[in-house]
1. If GLY99 satisfies all but one of (1) surrounded by 12 or more Cβ atoms within 10 Å (Cβ to Cβ); (2) not in a helix (DSSP H, G or I), what's the number of the condition it fails?
2. So is ARG45 touching a Gly at 6+ places or on another chain (Cβ under 8 Å), among the basic types (Lys, Arg) and in contact (Cβ under 8 Å) with a residue 12 or more places away in the chain or not?
3. Just one of ALA53, ALA32, ALA82, ALA46 is surrounded by fewer than 23 Cβ atoms within 10 Å (Cβ to Cβ), in contact with a strand residue (DSSP E or B) (Cβ under 8 Å, 6 or more places away or on another chain) and either in the same structural domain as GLY135 (by TED's automatic domain parsing) or at pLDDT 95 or above (or both); which is it?
4. Could you check, for the range 10-26, whether at least one of its residues is in contact with a Gly (Cβ under 9 Å, 6 or more places away or on another chain), hydroxyl-bearing (Ser, Thr, Tyr), within 30 Å of GLU197 (Cβ to Cβ) and not in a helix (DSSP H, G or I)?
5. Would you list the helices (runs of 4 or more DSSP H) that sit entirely within the range 350-450 and hold 2 or more residues that are under 21 Å from ALA278 (Cα atoms) and out of contact with any Gly (no Cβ under 8 Å at 6 or more places or on another chain)?
6. Could we say that GLY308 is surrounded by fewer than 24 Cβ atoms within 10 Å (Cβ to Cβ) and under 29 Å from GLY76 (Cβ atoms) here?
7. Run down GLU443, GLU396 and say which single residue is buried (at least 18 other Cβ atoms within 10 Å of the Cβ), within 17 Å of the chain's Cα centre (by Cα) and closer than 22 Å to ASN289 by Cβ.
8. Out of (1) part of a helix (DSSP H, G or I); (2) closer than 28 Å to GLY234 by Cβ; (3) over 24 Å from the mean Cα position of the chain (by Cα), the odd one out for ALA32 is which?
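The values are calculated or read from the model by the stated rules, or taken from the named source; none is laboratory data. Every value quoted in this text rests on a predicted model; they were computed, and no experiment measured them. Every residue, glycine as well, gets a Cβ built from its backbone with ideal geometry; the counts of neighbours run over all protein chains shown.
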Amino acid sequence: MFLSVFDMFKIGIGPSSSHTMGPMVAAARFLAHLRGLSFNVTGLRASLHGSLAFTGVGHATDRAVILGLAGFTPDGYDAERAEATLAQIHRTSEIEAEGLGRLRFQPKSDLIFDYGPPLPGHANGLRLMATDAQGDVIAQEVYYSIGGGFVVTEAELGAAPAKSAAVVPYPFESAAQMLEMARSSGKSIAQMKRANELAFIGPNTLDQGVRRIWQVMNDCIERGLSAEGTLPGGLHVRRRAKGIREALERERGLNLTAPHVINDWISTYAMAVNEENAAGGQVVTAPTNGAAGVVPATIRYWLDHVPGASEVRVGEFLLTAAAIGGLVKHNASISGAECGCQAEVGSASAMAAAGLAAVLGGTPEQVENAAEIALEHHLGMTCDPVKGLVQVPCIERNGLGAIKAVSAASLALRGDGSHFMPLDNCIEAMRQTGADMSEKYKETALGGLAVNIPNC
C-alpha cells in the first residue's frame with residue numbers, strides 16, 4: 001500500500017472533496033475517455049446517486065459536474081472564468097468541450113438527482129453518459145467519489161493500487177508494521193515516509209511540493225482570518241474567524257486572559273479554513289475538504305504559540321500526518337458518506353496529533369499513541385450537515401478536532417508510547433462503527449442535526 005503525501009493533501013476547491021472535487025475530477029476523466037472513442041458524440045448527460053444526490057446542491061455537486069464536463073479541474077480552478085462558463089452553458093444549453101466541440105447539455109434535464117437507492121459500489125456514485133444525434137446513449141461510465149478527492153471507476157473499485165508497496169523501502173500497511181520498521185531501521189515515521197516518496201519523485205520535487213501544500217494551507221488561514229460577511233447556501237451563517245481573531249489580539253498583554261483561551265486561537269485558525277471552504281475557496285484536502293481546517297490549525301498553533309517551532313520542520317509534520325492518514329484510508333475510510341464524520345474530522349485529528357507529536361520530539365511509539373487517542377475520541381461521530389452544506393456543524397467541528405489533536409499529542413508525550421488500545425484496532429473500530437451506522441447519519445442530511453433545526 002502506498003499513498004503519497006500528495007494523495008492525502010490535494011490542492012482544490014470547496015466546499016467538499018468528495019462532493020465537489022471528486023465529481024469535477026470524474027467529469028474531466030470522462031471527457032478524456034470520450035476523446036479516445038471513434039463515436040460521434042453530440043450530447044452529454046449525468047445522474048447523481050446516493051449522498052451525491054441528497055446533498056449535492058448544498059455541496060455544489062451539480063456545478064462541479066457541469067464545470068468538469070467543460071474542462072475545469074480543482075487544481076487549476078479559476079472562479080471568475082467558471083461563473084462565466086456556467087452562465088454561458090445555462091444560456092445556450094451547450095458545453096464546449098476541448099477536442100469534442102459543442103455538445104448538447106441542458107442543465108435542468110440532462111443532470112438528474114436520483115434519490116433512489118445508491119449505486120452498489122459506494123454511497124457517492126455518478127453516472128456520466130454521452131449521446132448521439134438521436135439522443136441515444138452511446139457511451140457511459142460509472143464513477144465513485146470515495147473521499148478526499150479520490151475517484152475510481154466501477155471497474156477500478158477494489159482493484160489493486162497502481163503503485164505497489166513492493167517498490168517502496170518501507171511498505172507498511174498497518175501501524176504495527178510501521179512501528180516495527182521504525183524500530184528495525186532506527187528511522188522516524190517522517191523519514192520512512194520520505195524514503196517511500198523518493199521511490200517515485202526526486203527530493204527537490206518532494207520538498208517543493210510539501211512547501212506548496214503548507215503555503216496554500218497558510219494562505220487559506222490568512223484569507224479566512226481577514227474575510228467578513230455571510231456564507232452562501234441559505235443558512236445565513238456569519239463568518240466569525242476574523243472577529244474572534246481581532247478580539248483575541250485586543251486581549252493580548254492585558255494579563256486578563258485565562259490559559260484556556262489558547263483553545264480559541266486553535267479554533268479560530270481551523271474555522272478560518274472551513275469558512276473559506278464553505279465559500280468555495282481554495283483549500284487543501286487534509287484528508288478531506290470537510291476536515292480541511294484541523295491539520296493547518298494545529299500547525300499554525302505550533303508555529304505561533306509553541307517556543308522553538310520552525311517552518312523548517314513543517315515537512316516533517318506533513319509527512320508524519322500523511323503516513324497516518326494513509327493507514328486510515330487503506331484500512332477503513334476517510335469518507336463521511338461511508339463512515340460518518342469520524343472518518344473525516346476523526347482522521348484529520350489523528351493525522352494532526354501525530355504530526356504535532358513528531359515535531360515536538362515524540363518517538364514513533366508516542367506518535368502512534370497520539371494518533372490513536374485523537375481518533376478514539378471521535379468514534380461514532382455522525383456526518384449530519386444542515387441543509388447539506390459544509391457549515392453547521394462542520395466549521396466548529398474542525399476547531400474542536402484541532403483542540404483534540406493538541407491534547408492527544410500532549411497526553412502521548414507524557415507517556416513512553418505504551419498504551420492499551422493500538423491504533424490499528426482503533427481504525428478497525430472506526431470502520432466497523434461506520435458500517436453499522438444508519439445511512440441517515442452519513443452525509444445525507446436526513447438525520448441528526450440536519451433535521452433538528454429551528455423552523456424560523
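1. With respect to (1) surrounded by 12 or more Cβ atoms within 10 Å (Cβ to Cβ); (2) not in a helix (DSSP H, G or I), GLY99 is out only on (1).
2. Working: touching a Gly at 6+ places or on another chain (Cβ under 8 Å): no; among the basic types (Lys, Arg): yes; in contact (Cβ under 8 Å) with a residue 12 or more places away in the chain: yes.
For ARG45, the condition - touching a Gly at 6+ places or on another chain (Cβ under 8 Å), among the basic types (Lys, Arg) and in contact (Cβ under 8 Å) with a residue 12 or more places away in the chain - is not met.
3. Working: ALA32 fails: in contact with a strand residue (DSSP E or B) (Cβ under 8 Å, 6 or more places away or on another chain); ALA82 fails: in contact with a strand residue (DSSP E or B) (Cβ under 8 Å, 6 or more places away or on another chain); ALA46 fails: surrounded by fewer than 23 Cβ atoms within 10 Å (Cβ to Cβ).
After ruling out the rest, the residue left standing is ALA53.
4. Step one: list which residues in the range 10-26 are in contact with a Gly (Cβ under 9 Å, 6 or more places away or on another chain), which gives 10, 12-26.
Among the residues that remain, those that are also hydroxyl-bearing (Ser, Thr, Tyr) are: 16-18, 20.
Subset that is within 30 Å of GLU197 (Cβ to Cβ): 16-18, 20.
Pick out the ones that are also not in a helix (DSSP H, G or I) and you get 16.
Within the range 10-26, one or more residues are in contact with a Gly (Cβ under 9 Å, 6 or more places away or on another chain), hydroxyl-bearing (Ser, Thr, Tyr), within 30 Å of GLU197 (Cβ to Cβ) and not in a helix (DSSP H, G or I).
5. By residue number, 394-413.
6. no
7. Among GLU443, GLU396, only GLU443 is buried (at least 18 other Cβ atoms within 10 Å of the Cβ), within 17 Å of the chain's Cα centre (by Cα) and closer than 22 Å to ASN289 by Cβ.
8. All conditions pass for ALA32, except number (2).
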